[in-house]
Amino acid sequence: MKRLFDIAISLFLLIILLVPLACVYAAVCIFLGRPAIFRQIRPGRNGKPFAMYKFRTMTNRTDAQGKLLPDADRLTPFGKKLRSTSLDELPELWNVLKGDMSLVGPRPLLMEYLHLYSKEQNRRHEVAPGITGWAQVNGRNAISWDEKFKLDVWYVDHRSLTLDIKILFLTVYKVIKKDNINDAKGVSAEPFRGNS
């Protein structure tokens, strides 16, 4: 049922959002340049790698040594607007349609984090990652990594179609309110550095 729900909703959204998607794509090309789509390998269910797609929100500015500048220096006002409205996440609907992701599930993080998780934290990979999740509607970037992982595992243990629908409605509410898009210090969450 969850997979059928994901296919139906993601296909419906991709169709009705075709014009907005084209407009955002064009705007990203104008304000940030090409490629407009940011592709990054993330861990999926059981840690299996997949290519996740998002609209770019940052430039590729580098320092004198050719190293990328910090996120805060590369995030433009236009990129901040995309993030605050979560429009940068829309290409992930294609990942859902393909089966790499679900509409609801623990957010797919970075591949380099895999070896840093405790056994309990790693349980977040027992299900497909999601565009939104229980942690996203209960704090997102404003809570600690430990709290996020506890919420992710709670979702794994209590997942249901009813809970997914509740999370989707809460997500729409949070996006409209622009709650917890960033952490208290910067433009995005601090990197996960493992458990103390």
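Brief remarks follow.
- Of the residues making up the stretch 12-24, not one is farther than 19 Å from LYS54 by Cβ and in contact (Cβ under 8 Å) with a residue 40 or more places away in the chain.
- Test for ILE37: is it under 22 Å from ASP152 (Cβ atoms) and surrounded by fewer than 17 Cβ atoms within 10 Å (Cβ to Cβ): no
- With respect to the stated conditions, TYR173 fails to be in contact (Cβ under 8 Å) with a residue 60 or more places away in the chain and either farther than 30 Å from VAL28 by Cβ or assigned to a helix (DSSP H, G or I) (or both).
- Scanning the stretch 26-76 for residues that are of a type outside the set (Gly, Ala, Ser), modelled with pLDDT under 90 and in a helix (DSSP H, G or I) yields a count of 3.
- Hits in the stretch 86-119 (condition: aromatic (Phe, Trp, Tyr), over 13 Å from LEU17 (Cβ atoms) and either open to solvent by 40 Å² or more (accessible area, probe 1.4 Å) or part of a helix (DSSP H, G or I) (or both)): TYR113
- Picking from residues in the stretch 137-176 that are of a type in the set (Gly, Ala, Ser) and within 15 Å of the chain's Cα centre (by Cα), the one that is farthest from SER10 (Cα to Cα) is ALA142.
The values are calculated or read from the model by the stated rules, or taken from the named source; none is laboratory data. What you see is a predicted model; the values in this text were computed from it and never measured. Using ideal geometry, Cβ is built from the backbone for each residue, glycine included, and neighbour counts are taken over all protein chains shown. Ligands, DNA and RNA are excluded from the accessible area calculation, which covers all protein heavy atoms including side chains. Shrake-Rupley method; radii C 1.70, N 1.55, O 1.52, S 1.80 Å.
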